[in-house]
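Undergrad: Following this message is one structure expressed as structure tokens.
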Amino acid sequence: MDPKHSPLLPRSLPRLEDPRFLTGQGRYVADMDRAGQAHAVVVRSEHAHAAIAGIDTREALSAPGVVAVHVAADLDADGLGPLPCVTGLGAESALVVPPRHALARERVRHVGDPVALVLAETRAQAQDAAALVAVEYDPLPAVVDPVQALAPDAPPIWDQAPGNQAFHHRRGDADAVKRAMDGAAHVVELALVNHRVSGLPLEPRAGIGEYDAVTGRFTLTATAQSLHDIRAQLAGPVFGLPGERFRLVSPDVGGGFGLKNFLYPEWVLLLWAARRHGRAVKWVAERGEELAGAAHGRDVTARARLALDADGRFLALEAHLVANMGAYLSGGAPNVTTKALPTAMGGIYAIPAVYLDVRGAFTNTAVVDAYRGAGKPEANYLVERLVDAAARRCGFDAVDLRLRNAMGKFPHRTALGMTIDGGRFAHNIERAVALVDRDGFEGRRQASRESGRLRGLGLGCFLETSRGTPSEGAEIRFLPGGLVELRLGTESHGQGHETAFAQIASARLGLPVEAFRFVQADTGRTRMGHGHGGARAMHMGGGALARAIDTVLRKARPVAARLLQAEPGELNFEDGCFTVADSGRRVTLLAVAAAAREHRGTGADAPAGLDSFESVEDAPFTFPNGCHAAEVEIDPETGVVTLLRYLCVDDYGALVNPRLAAGQVQGGVAQGIGQALAEHVVYDPESGQLLTGSLMDYALPLADGLPAIEVHLEGTPTAANPLGVKGTGQAGAIAAAQAVMNAVMDALAPLGVAQVDMPATSERIRKAIAAASPLGSRARSPGLTRR
């Protein structure tokens, strides 16, 4: 059997990682220590915007156990550069990248901005000393709303950013959209806010910085992702040194969702302090630091219009967005709305003309960067809310309208230049409608009315464009004793990569999964890598691994032929063995690897061993897609939303491990539900103070508030990679918000409520009901009674 064409059959293998985690043997940075280490605490701004008039460190320096207290001038003396923004942006206006230093110079620009670094012998001593650092501030006016920040009278945040504008980016054909709008039978407009949230992984960030004075090499062990990319940003732009001088290692990581993908001031401080003091330096974030100082997600304000003809065919889509960048530009932040979002603009629908206008705004808030889905949730939310509004306002059935406009002929080239290779978009809708029993919904709605509640049913389709950075690598190494290392540049923070990659190698090499050892998240042991972002692990990492496996078998064939005294063309490979047809002669792949290793380097024509590295470059996108359905019940007196049912019908191409895929979808759905109903990073609009600085204020979705999330996986394989996979890691979060919010709006529509923004909290819903009917909900809905 030719391994390149052997089927990769889905197999719901239990995760190989789990015994380690369940028995408390996971390796997390907060639990690690280095001999002679110092402990670091970062002093952070309590102001949203202020000039630093002075910093008095004398009392802190005299506190017990204190090693040092550092301010920006100490870093400047060593020539450290600012943290870079690596976005390459073709924009209407030049991209403004203000300097973001590891410690604030002269001015702080958001609550949580790092001001000073305290080192002490213990963490408690460092915390006590940090409280003694006296910073004198001269407060300045602050602005936290991105639309207000772009107003002419807004307080200026950066001298180099007039009007607080970071960039202005346009895509699409504005003239074609205008012509379509002018001639349309219907034009539906919505103002939407995809509000700010935190990734809030279970494990906060933590790191240990080390420096070897003999070799001049740095080591950062951190709860980070995309380590090769972070290393590149640390090395040249910040330290002015070659990347080979830095090794980044990330052991087990408890969640990330985008938050841990970026270069942070703390990573710079740990390595600089380790070199400065000749000892390891450890820092572990508290939850409040993560909410104030780590990257947030979303925060896009939109004004969008959809044009339809008299029969409900979509003619054009136009969107004007304002994207909140925060006080600085995080590493890839502008990419979210200018590169990622346009790839999914229009969702699953065939829309002939699309125009997108995006402005990035600086505000006195923490930075905003990629969060699970990164632009694709914002694009899909926008179009799906518009479709529901169009159905309601123009008299169309919401399901029929979706079916009428779903892409059906492939390849399909979108108005913004994406070529969609395939998908069963209409099938997903029809299947979801049948599974949720839409035909029986009016009976359920009436039952809810009789008990004094409002019931709503919502659909939400999605199209993801999965790939991330278009290059990735994988390496296979054969070890003595029959073990095989798989070294991947994609990095797991809980997805199950250790299991899934072993399954791929096992299926194609014919070895048991127990034979494989997974190596990731170590720049000293992996040649390259761009992490997991973009639901790319199986598409990009799996594609590279499949190529490396093909190379292994190509190298192995002549060695096996020599061992079997046959011609290479006579050999078959199956179940981990090379055989000579009809002869009974066979040799295992591991025996071939041992023979190749033994003879390596003994002559010009000697085999070079079976170890192989392969990369994929300029890989195409894949297009995970699906239709989700949510059913909710609302108490009109309290405004409380109860999510009664949630189901998904999704296409992720070929599946490696259906159980892992379903788990990824369920986790993403939970995060999307959290954004729709609860999660919200809130700043005071006047002072810029962070009002959701702890888990007492920032609401997360809890298990007892979620129904069983029903996942139906019905894939169509893609030709974009050798495995036919599309990617599952982000899809749930891309689809859930619109499904839930469409259900909420369906429930509220009988009361005349036209719009509620996320999160649909009880307070917002009560206000919306009151605004729609000053006499109360019963006046607008006479049939509504209380049991």
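Please treat every number below as a calculation from the coordinates, not as lab data. Since we're looking at a predicted model, the values are computed, not measured. Positions of Cβ are generated from backbone atoms using ideal geometry, with glycine treated the same way; all protein chains shown enter the neighbour counts.
Undergrad: Scanning the chain for helices, which whole DSSP H stretches are 24 Å or more long along the axis (Cα) and average 1.0 or more by Kyte-Doolittle? Display every interim value, and only then the final one.
TA: Details: long enough: 376-394 (27 Å, -0.45); 542-564 (31 Å, 0.45); 658-677 (28 Å, 0.28); 731-748 (27 Å, 1.33).
Counting only whole DSSP H runs, the qualifying helices are 731-748.
Undergrad: Please compute the contact order of the chain in relative form: average sequence separation of alpha-carbon pairs under 8 Å and at least six residues apart, divided by the residue count, as a percent.
TA: Numbers: 1933 pairs, mean separation 120.2, N = 787.
15 percent.
Undergrad: If I stretch the segment between residue 25 and residue 528 completely, what's the gain in nm (0.36 nm per residue apart, minus their alpha carbon distance), one decimal? Please report the intermediate quantities before stating the final value.
TA: On the way: separation 503, 0.36 × 503 = 181.08 nm, distance 2.76 nm.
Additional length available on full extension: 178.3 nm.
Undergrad: In addition: Let's test the formula: R0 of 45 Å, r as the Cβ-Cβ distance of residue 193 and residue 570. What FRET efficiency results, to the nearest 0.05? Could the numbers behind the result be given before it?
TA: On the way: r = 67 Å, r/R0 = 1.49.
Plugging the Cβ-Cβ distance into 1/(1 + (r/R0)^6) gives 0.10.
Undergrad: Let me ask something else. With a 10 Å radius around each residue's Cβ, average the other Cβ atoms per peptide and rank 298-305, 667-674, highest first. Intermediate values should be presented prior to the final figure.
TA: On the way: 298-305: 22.0, 667-674: 25.5.
Descending mean neighbour count gives 667-674, 298-305.
Undergrad: Continuing with this model, one more query. Tell me the net charge near residue 41. Cut-off is 11 Å between Cβ atoms, residue 41 excluded, with +1 for each Lys or Arg and -1 for each Asp or Glu. Don't skip to the end; give the middle numbers.
TA: Details: positive: 44, 123, 282; negative: 128, 266, 286, 289.
Local charge sum for residue 41: -1.
Undergrad: Next question. Helix-only estimate, please: 222 nm mean residue ellipticity of the chain, summing -39500 (n - 2.57) across DSSP H runs of length 4 or more and dividing by its residues, to the nearest 500.
TA: Numbers: 20 runs with 211 residues, N = 787.
My calculation for the chain gives -8000 deg cm²/dmol from helical runs alone.
Undergrad: Among the lysines, which have Cα under 28 Å from the Cα of residue 339 when same-chain residues fewer than 8 positions away are ignored?
TA: Excluding near neighbours in sequence, the set is 178, 260, 376, 409, 726.
Undergrad: Under Stokes-Einstein, with the Kirkwood radius over Cα pairs standing in for Rh, what whole-number D in µm²/s applies to segment 585-724 at 10 °C and 1.306 mPa s? Don't skip to the end; give the middle numbers.
TA: Numbers: Rh = 20.6 Å.
So the translational diffusion coefficient is about 77 µm²/s.
Undergrad: If packing is taken as the average number of other Cβ atoms within 10 Å across a peptide's residues, how do 352-363, 408-419 rank, most packed first?
TA: Working: 352-363: 24.5, 408-419: 14.8.
My ranking of the peptides, most packed first, is 352-363, 408-419.
Undergrad: Using the scaling law 2.2 N^0.38 Å as the reference, what is the normalised Cα Rg of the chain? Before the final figure, lay out the partial values.
TA: Working: Rg = 27.9 Å, N = 787, 2.2 N^0.38 = 27.7 Å.
Normalised by 2.2 N^0.38 Å, the Cα Rg of the chain equals 1.01.
Undergrad: Quick one: net charge around residue 279, please, counting Lys, Arg +1 and Asp, Glu -1 for every other residue with C-beta under 9 Å from its C-beta. Provide the component values of the computation, followed by the final result.
TA: Working: positive: 34; negative: 210.
Value of the local net charge: 0.
Undergrad: Working out 0.36 nm times the residue gap between residue 712 and residue 659, then minus their Cα-Cα distance, what length gain in nm do you get to one decimal? Let's see the in-between values first.
TA: Working: separation 53, 0.36 × 53 = 19.08 nm, distance 1.13 nm.
Gain on stretching residue 712 to residue 659: 18.0 nm.
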